Amino acid sequence: MKAEGKKRVIIIGASYGGLHAAKEFNKKDDFEVLVFDKKNFHYLQTEAYDFIANKSNISDITIDIGTYINKLSSNIKFVKEKVLEFDASQQKIKTASNEYFYDYLIIATGARTNFPSFIKGLRENSNGVKTLFRALGFKQKFESTIYEYITDNAFSHQRDYNIIIGGAGLSGVEIAAEMAYIIQTDFKRLGIRCLGFNITLVDAAETILPGMDRRIIYATIKRLKALGVHIKTKSFIKEVYPNELILNDGEKLPFDFMIFTGGIKAEPIASQKEYKLNKFNQYIVDDLYNIENEKNIFAIGDVAYITADDTIIPPTAQSAEQSGTIVAKNIIKMAHNQEPIKKAPIIRGMFIALGGKYAVGTIYDKIVFKGYFAYLIKKFITNFYKVFLKP
Ligand SMILES: Cc1cc2nc3c(=O)[nH]c(=O)nc-3n(C[C@H](O)[C@H](O)[C@H](O)COP(=O)(O)OP(=O)(O)OC[C@H]3O[C@@H](n4cnc5c(N)ncnc54)[C@H](O)[C@@H]3O)c2cc1C
């Protein structure tokens, strides 16, 4: 039952985007807000590299959604249910056991790893890191590969051990660097010469970190090389088998395990009507984040294809957070008969963790930071986010 005299906002997805939207309704008692998520925790994907490298544990990279929502005012509630579909004509959503009516709907369901079906065997034979379950599996596999190496290989080189990361974007690069750093420092501590333990980044693009500032790319390549990471760009993965992949030019790369971070596929919600999506399944939204022809339904974060002045805003945590805040503020305005404000997310900077206490990044695409200071900024950003989650 909807509370009388209140506007009901339903938010689907309680992560970077959804939680930022929810927080805007704190103490706004003329709204009743229901935040849905199929999980009871918010997975901090942006810190996956630390988790995989054993520098943090599950409690460091998860936030209990119910606990967070309970700290907000009582007009905001968490519902742990998977939303199966929505019906715009009746203004309702459906879960397996219930239906809920809304005045405004915010879809913040994010994305998962895209395993393109034209790459034969990719999905079956590689891992992603966009869910905690996958990241955990990857962490365990990484550790057991190190264990095997130490027991069978370290003192007399029997064979090479190979880890392949398909996709040299932000997440692939961070994971490669952190793994390489762990191997270098751990093996040094054990007094082992790191013979034949290879980490290889493979990407079809001309360069790693496609689309990023040249200075960042250059500094990252330098750091990856210093860590012993092999970089193979302009290399299109054609087929993947349990322990080997084949590139378009026929070259074969053996691996002990492979992760794929080559792109995302959004998770839109099934609906009575069909809405415009791009090839990554993202809702094509207008400059108020409305999905096609629906003035009270919004998509934010990774599930939305957001552009500003014909430039694509990359799907990042910061664009999810900002789009969540903007949409929630606009809903409050619209409910009070005020004009909503058109505003695109502003990418303030991007910092890439590159193993140990080292990072590179830029602020507003102007100043480039490298090394320990950049690492401190990166840590400040993530810790600041955790403070945000403690109302
Ligand atoms: C390894 C890695 C490193 C990254 N590093 C950075 C970085 O340094 N900086 C940066 O800005 N970005 C980074 N990103 C990208 C960033 O994590 C994403 O852009 C961000 O998670 C998007 O947030 P979101 O709220 O849109 O969606 P998500 O975080 O994907 O959350 C979606 C939520 O919706 C829920 N959900 C989905 N479907 C349903 C349903 N049907 N019913 C109910 N609930 C549902 C899910 O359970 C989930 O909680 C990184 C990503 C990865 C994988």
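The values are calculated or read from the model by the stated rules, or taken from the named source; none is laboratory data. Fair warning: this is a prediction, and the values are worked out from it, not measured in the lab. Note that each Cβ is placed from the backbone with ideal geometry, even for glycine, and that neighbours are counted across all protein chains shown. Please note that ligands, DNA and RNA were not included when accessible areas were found on the heavy atoms of the full protein model with its side chains. Shrake-Rupley method; radii C 1.70, N 1.55, O 1.52, S 1.80 Å.
Regarding Gly228, is this residue open to solvent by less than 30 Å² (accessible area, probe 1.4 Å), in contact with a helix residue (DSSP H, G or I) (Cβ under 8 Å, 6 or more places away or on another chain) and small (Gly, Ala, Ser)? In short, no.
Selection of first residues in the range 55-79 that are aromatic (Phe, Trp, Tyr) and of second residues that are at pLDDT 95 or above, restricted to Cβ pairs under 6 Å at least 6 apart or on distinct chains, gives the following pairs, ordered by first then second residue: Phe78/Val35; Phe78/Ile65; Phe78/Gly66; Phe78/Ile69. Filter the range 292-316 down to residues that are closer than 22 Å to Gly263 by Cβ and of a type in the set (Val, Ile, Thr) and give me whichever is most open to solvent (accessible area, probe 1.4 Å). The residue in question is Ile312. Look through the range 99-150, keep the residues that are assigned to a strand (DSSP E or B) and more than 23 Å from Glu85 (Cα to Cα), and return whichever of them is nearest to the ligand (Cβ to nearest atom). Within the range 99-150, the match that is nearest to the ligand (Cβ to nearest atom) is Asn127. Residue pairs whose Cβ atoms lie under 6 Å apart, separated by 6 or more positions or on different chains, with the first residue in the range 353-381 and polar (S, T, N, Q) and the second open to solvent by less than 30 Å² (accessible area, probe 1.4 Å) and in a strand (DSSP E or B), are Thr362/Gly349.
Listed here are the residues, each with its yes/no results for (1) closer than 18 Å to Phe86 by Cβ; (2) of a type in the set (A, V, I, L, M); (3) in contact (Cβ under 8 Å) with a residue 60 or more places away in the chain; (4) assigned by TED's automatic domain parsing to the domain that holds Val83.
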| residue | (1), (2), (3), (4) |
| --- | --- |
| Lys234 | no, no, no, no |
| Gln272 | yes, no, yes, yes |
| Ala308 | no, yes, no, yes |
| Ile331 | yes, yes, yes, yes |
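Residues that are part of a loop (DSSP other than H, G, I, E, B), of a type outside the set (S, T, N, Q) and either more than 8 Å from the ligand (Cβ to nearest atom) or free of Cβ contacts under 8 Å to residues at least 24 places away in the same chain (or both) within the range 293-306 comprise Glu294, Lys295, Ile306, listed in sequence order. The listed residues are Thr362, Thr382, and the only one of them that is outside any strand (DSSP E or B) and open to solvent by less than 40 Å² (accessible area, probe 1.4 Å) turns out to be Thr382. Can you tell me which residues in the range 334-349 are open to solvent by 60 Å² or more (accessible area, probe 1.4 Å) and either among the basic types (Lys, Arg) or in contact (Cβ under 8 Å) with a residue 12 or more places away in the chain (or both)? Passing the criteria: Ile341, Lys342, Lys343, Ile346, Arg348.
Go through the range 247-270 and give me each residue that's open to solvent by 40 Å² or more (accessible area, probe 1.4 Å), more than 22 Å from Phe138 (Cα to Cα), more than 11 Å from the ligand (Cβ to nearest atom) and not acidic (Asp, Glu). Answer for the range 247-270, where residues must be open to solvent by 40 Å² or more (accessible area, probe 1.4 Å), more than 22 Å from Phe138 (Cα to Cα), more than 11 Å from the ligand (Cβ to nearest atom) and not acidic (Asp, Glu): Asn248, Gly250, Lys252. Go through the range 365-378 and give me each residue that's open to solvent by 20 Å² or more (accessible area, probe 1.4 Å) and modelled with pLDDT of 90 or more. Of everything in the range 365-378, those that are open to solvent by 20 Å² or more (accessible area, probe 1.4 Å) and modelled with pLDDT of 90 or more turn out to be Val368, Phe369, Lys370, Tyr372, Phe373, Tyr375, Leu376, Ile377, Lys378.
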